[in-house]
Amino acid sequence: MARKWPGQGEGAMIDLIRGAEEALLSGRRKKQEDVESAVGIFLEILRGFELFDVPDPCVSVFGSARIGEGHPEYGMTRALGRRLAEEGFTVMTGGGPGLMEAANRGARDAGGYSLGCNIILPTEEEPNAYLDQFVEFEHFFVRKLMLIKYSSAFVILPGGFGTLDEAFEIATLIQTSKLTRFPVVAMGTAFWEPIRKMLVGTMADSRLINVDDLEVVKLTDDVDEAVDWIRQGMRESDAERLGADRRRPE
């Protein structure tokens, strides 16, 4: 599991920041309170940088916590995690159950390295059992930063508000050139097809987005096709590291 924050236990750090996002977003406050929140956010980012040791290249996999074993998309996601690990990728997820678990489990099946960026929620989303390392975060946006920062590509599976939030944030970062050469795969075609029709038939037709903005995304249910798309779209520096002997964190 994750290493400890220098000078204090991991539990103490979590206690320090617990409830911080709710307080920050609760409305207008004294400036000093907002400054204190900003310091806490910065500390959480630093904590993430300190605790994570991510072998690269890494693929972040997003998907629902509610789709469990026995569902076809769980099996597809587990097969994806396994193939990514076989190709030498580290697999990172939100660290929870459902499709996140499936991707981490597949990576573990193949002896690959499996990471989780967990989020502290009132419902206590527990880390799944297939993680080599996980870090818990209080702030959603810090968690998303970590999932994006360490990744060379993204796979987005069916999910709810959180998954769609992550999908459209990645799309926005690519559209605005904040991310470059980051291949994206959308798996679960039956789920994504109505959304694709809205993007092409409504948003692009109304010139709210360019059709070219959608070309970075591969829509498929084929695991091999997904992995090929990721390999072909990677930055050269990431592709070189994929074939190299890489250190596995202890």
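Here the 3J(HN,Hα) profile of the stretch 69-82, calculated from phi with Karplus coefficients 6.51, -1.76 and 1.60 at θ = phi - 60°, is 4, x, 7, x, 6, 5, x, 4, 5, 5, 5, 4, x, 5 Hz, Gly and Pro shown as x. Between the amide H of Thr93 and those of Val61, Leu115, Gly116, Cys117, distances stay under 5 Å, these residues lying 5 or more places away or on another chain, with hydrogens modeled in the peptide plane. The lysines whose alpha-carbon is closer than 22 Å to the alpha-carbon of Lys197, local same-chain residues fewer than 8 away aside, are Lys218.
A Förster radius of 45 Å, combined with the Cβ-Cβ distance separating Asp213 from Val39, puts the computed FRET efficiency at roughly 0.75. Sequence-ordered 3J(HN,Hα) estimates for the stretch 114-120 from the Karplus curve with 6.51, -1.76 and 1.60 and θ = phi - 60° stand at 10, 10, x, 9, 7, 10, 7 Hz, glycine and proline given as x.
Put simply, the amide H of Ile67, placed in the peptide plane, has neighbours under 5 Å in Leu99, leaving out anything fewer than 5 places away on its chain. The modelled label-to-label distance for the pair Gln32/Asp165, using points 7 Å beyond Cα in the direction of Cβ, is 3.1 nm. Residues in the stretch 168-229 average 60 Å² of solvent-accessible surface per residue, probe 1.4 Å, ligands and nucleic acids excluded. Using the Karplus relation 6.51 cos²θ - 1.76 cosθ + 1.60 with θ = phi - 60°, the per-residue 3J(HN,Hα) values for the stretch 44-50 come to 5, 5, 4, 4, x, 4, 6 Hz, with x marking Gly and Pro.
Residues of the stretch 58-94 with backbone nitrogen within less than 17 Å of a virtual label 7 Å along the Cα-to-Cβ line of Asp228, please, listed as ranges. Inside the label zone: 80, 83-84, 87. Summarising the amide proton neighbourhood of Ser152: residues at separation of 5 or more, or on other chains, whose placed amide H is nearer than 5 Å comprise Cys58, Val59, Ser60.
The values are calculated or read from the model by the stated rules, or taken from the named source; none is laboratory data. No experiment lies behind these values; they were computed from the predicted model shown. Glycine gets a Cβ as well: all are built from the backbone with ideal geometry, and neighbour counts include every protein chain shown. The protein model used for the area step is the full one, side chains on, heavy atoms only, and it has no ligands, DNA or RNA in it. Shrake-Rupley method; radii C 1.70, N 1.55, O 1.52, S 1.80 Å.
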